[in-house]
1. If I ignore ligands, DNA and RNA and count only protein heavy atoms, how much of A:Arg185 is accessible to a 1.4 Å probe, in Å² to the nearest 10?
2. Just want to confirm a number: the relative contact order over chain B, from Cα pairs under 8 angstrom separated by 6+ residues, in percent.
3. Taking every DSSP beta bridge with both residues inside chain B, roughly what % is antiparallel (nearest 5)?
4. Taking every DSSP beta bridge with both residues inside the protein assembly as shown, roughly what % is antiparallel (nearest 5)?
5. With the calculation restricted to Cα positions, what are the radius of gyration and Dmax of the stretch B:460-566 in angstrom?
6. Go through A:Thr219, A:Gln104, A:Leu149 and say which Cα lies farthest out towards the positive end of the charge dipole of chain A; charges sit on Cβ, +1 for Lys and Arg, -1 for Asp and Glu.
7. What lysines could a cross-link reach from A:Lys372, if we take a straight Cα to Cα line under 19 Å and drop same-chain neighbours fewer than 8 places away?
8. For the stretch A:214-304, which whole percent of the accessible surface, found with a 1.4 angstrom probe, sits on carbon and sulfur atoms?
Amino acid sequence: MLQPAFFLGHAGTGKTKELMGATRESTGKLLLDKQQRVLALSVMHGAIRRLEEKMREDCREVPTVIRTIDSFALTVVNRWRGAMGHSRPIVPTSEDSSFEGPFQSHLTFTRICEEAAILIASSTVGQLIGFSYPIVVIDEFQDCHGAKLDLVKQLAKHCQLFAAADDFQLLEDGVEGCPSVNWIREAHELGARVVTLTKPHRCSIAAIVKASVALRTNTRSLQTTISVYCCPVIVMAATKLTFHRPGGDFALISPTHRDITNILRAHDDWLRRKGRVPVYWRREASKQEETTGLMKEMALNRARKVWRVPNAPLSPTALRAAHFIVKASKLRGLSEIPMSFAVSLAQRFMSTRALWHHRAVKRMALTVHGAKNREFDNVVIFWSPHSVKGWSEEMRRRLLYNAVTRAKRTCVVLYLGDEQSCLDDPVVGLLGSAEPAFGPPKRSKRAT
Amino acid sequence: MRICKLHLTNFRGIERGSIVFPKHSVLLGSNNAGKSAVAEALALLFSRDRMYQPLSDWDFYGGDPKPESRFTITATLSDFGDGTNDNPVSFPEWFAGNGATPVWWSEVTENVVEAADRPPQTKLAAQVSLAARYDDEACEFELKRFFYDGECDPFDDDCRVIPNDLLRDVGVFLLPSAREWDKLLSFGSSTFIKVLKEYEAVPGLAIDTLKHDLRSRVTKVEEAEPFATILKDAESELGSFFFKESEFHLAYRPTGLDATSVLRSLVAFLARDAQDTDFLLPVARQGSGVISLQTLLLLLAFGRKRLERAKNFILIAEEPELHLHPALHRKLASRIQSAAVQSIVTTHSPNIASGYQPNQVIFVRNQVGKLSSKRVRREAIREIGKNRVENLYLKFRQEFYEALMGPLILVPEGIFDYHWLRLWQRVAESSDTAITKFRLTPLCLIPTSDSAVAETFLEISQFRPDAVPFLDGDRAGNDKIKTILSSSSPSRIVQLGADAGAEYLSSWILEPSLGDPSSALVTLLPDTNERSLRSLQRALSRSQEKKDLELHENLAWECANNENCVLRAAEFLYDLSLIARGEAPTNTAWTIENATTGTSIFRAGHIKRV
């Protein structure tokens, strides 16, 4: 059995680079047949593009298949669906439980990963997958847990596994500790190679590095780190945002969607009051929010049995989704479209769309979760202590850490509250000193 | 590699059905049984491009495809490599990455087992499928060839498309029944080009030389008088329109002067010998037999070449017997079997079929779209063992196969019943009067030895439940009816009248000629006073005369001049065919008894012992 190799390290310590290097080195030894490929896996959709870029940069000549763990599992289960007792093609569902549709079996991704793990545990399937993909590469491995992690464990029995992880970047609610990193520790005892990286590469800006160290180690920085501006009211934060104009691309990151909505609204109001041209922020709505919106617009309502294209004018996305549903129904020979069929098609439409939804623009507004695994020249973090109350202190630190480490050049925190509460905050307080958003009159004059 | 199973839905005249292929097989069946559909389905699935016309509405069952209509052709492939290795990793081009899903073929259940690991007594297999639909918006047909993982709609569900090279490696070649020279052996035919490419034998340089020769070194028609003068006049007239001398003039050559045109315009001739090229005869003018055989032999030569290179070769031949002398049929069958890894032959010729073991003969039937196929036996002849139907496969194989394909089947009680009926059939069919009066449907007779009528019927009823047992009216006949009814339930049984055997039937037919006896009849009944029906019955039943086939022949053919005799024979045979078809016989002397099992016993009251 091949021993897996792991790369652990903080954000920006060059884990991915090491990962690619290890992959490149072992291809000559392991990729022998022209049918064989490197299988590059990511846990989330968002990381696919980054993985693609990295593979292109560092493993240009290596034949690679890049997939999310979920979609890889889906392919395996669909191929061997007969052996798993499914007579119909399998499509993933976002509902809580699996069900049989009119033409397909709808399984949750958890179930799909579980079944794929069972299949790969069998010797024929395991051998065949191991032969087809002698090398499996996983970046952001800390996000992998539960059924996905079990699947990876099965893969590691047949393939050479290379994975990079940073347990502090796991942002999942309800997951205790970091299961994947725990597994890495176990594997290490059994002989797996574990490389721990400490030297920061991505960001050479001392302030950002110091801030990330403070958050990670939970020690209040005695030196100045990144700027924290205290804004007792949201209008002040909005004003500050308007005057913040660094070069390069620019991300506004906040823990929740509601925070983003609030600050952008205040920002718009301020611009309107001052008679200025509105500024376009590309808002990455949560997938859930988008799907709900689309369902509402297209009158996809489980209360009714049959779906018809709504008469009201539709947005371009809804139009495409409607066309997708109508075409698929025609292929199946349905004169009436059952609601359950339409809903599952709409969900499929949204999930394929999500794949193409990660192009960078100049100004983006996103949540910490949405910003995961991505990089921006400049980051402004809007932090409202009220909205993160529900999370544990540990989780809040991880959130802020993730937001801070997305920055390549500059990072600024806009804290909703006064100086004192900011310094007392167990998370933001770690960043050291804080200053009022708008100081004495002469400073504000200079700003205008 | 070989094809072990084919499953069709909505293809041509077949709504649904599957067929299992042994290594070498012959498909037997009446017209429209779906033999050609099976052969062409395989060719369509495995050929890189369509060798025939593009798809049409008629390729879909019912001939009226809707947007949701699909026809599918799904094949199971097995025996990868030398057939002993069952590890899919050994065949990465088929199974690795996004390839076929390994499934397991069981020769016992003749089915695929879908399991992650190999169950005992199964072999590694892969399933490939083709689906087609009609796109009513684009007004065109769409085809997809994909790895089959269970029922799905490849036009909506995700599917993994099969790389073309992989399908080509299966090496399926079809010899279609429409064997026209220009279609199959000209350079315009893709089969022929395929063959040449496989040999790396496309005569590229020669074509190039020929192309250049045709450009300059040919007789120039445009220079021949008076045509040349006319051309010149027209050219100078043309010049006056443009106020200058034309730079171009007309020239004529036998073909377009590019390589493709030259290649396509080549016509094959038979030259008397290599030196004497003056004597040429276009091959297209040759008899169909020569062309037919030549095409087949070319494909076989091609196959040999592939086998030498350790490549797979599966030959599908539609009616290889076409235009060939029957004596060549069996030889052909054995040549086909030796030249291919797998061969599938469709035929109407019992002669070809009898060149195969009964476990290689597949009887194909199509009942309102449901294709059913059954191997005549599951075991080879030597394993059938000694039993009463053994002769069906040893002695009467050809008759048996012929009957299977026939429209109506009669199973006479013994060998003499068979001979008599067959004789009367020939006599009746040779007479114009009989043919005009009675529309005689071909009635196939199955010889039964040792009066094993019950066993023979049981054997044939597996394929043709509509077969009709034909029994004597004596006690032995009654006993046999009981035996038949205890083991099966034919819908109809025919029995001769009280105590009557086949000789009594012949006596009844010969009766009108007693007044004007033929010479054979005179020899049989020398005493003029003894020429009665009763004495005829007695004479024919005597143990020596009963078996005298020569006498029977003479009696039958000599009475063919007596119209009344012929009409009696024809009437009886016509009644038999009516009964076999489930209709009422014409002669009022027939009685019908409904046996308890739902079987109707038809008794010929007019044929009885007097």
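The values are calculated or read from the model by the stated rules, or taken from the named source; none is laboratory data. Being a predicted model, the structure only gives us computed values, none of them experimental. We place every Cβ from the backbone using ideal geometry, glycine too, and count neighbours over all the protein chains shown. Please note that ligands, DNA and RNA were not included when accessible areas were found on the heavy atoms of the full protein model with its side chains. Shrake-Rupley method; radii C 1.70, N 1.55, O 1.52, S 1.80 Å.
1. The value for A:Arg185 is about 130 Å².
2. 13
3. In chain B, DSSP labels about 60 percent of beta bridges as antiparallel.
4. 40
5. Computed over the Cα atoms of the stretch B:460-566, radius of gyration and Dmax are 16.6, 51 Å.
6. Highest projection toward the positive end goes to A:Gln104.
7. Straight-line reach from A:Lys372, under 19 Å: A:Lys15, A:Lys17, A:Lys54, A:Lys148, A:Lys287, A:Lys362, A:Lys408.
8. Of all accessible area on the stretch A:214-304, carbon and sulfur atoms account for 52 percent.
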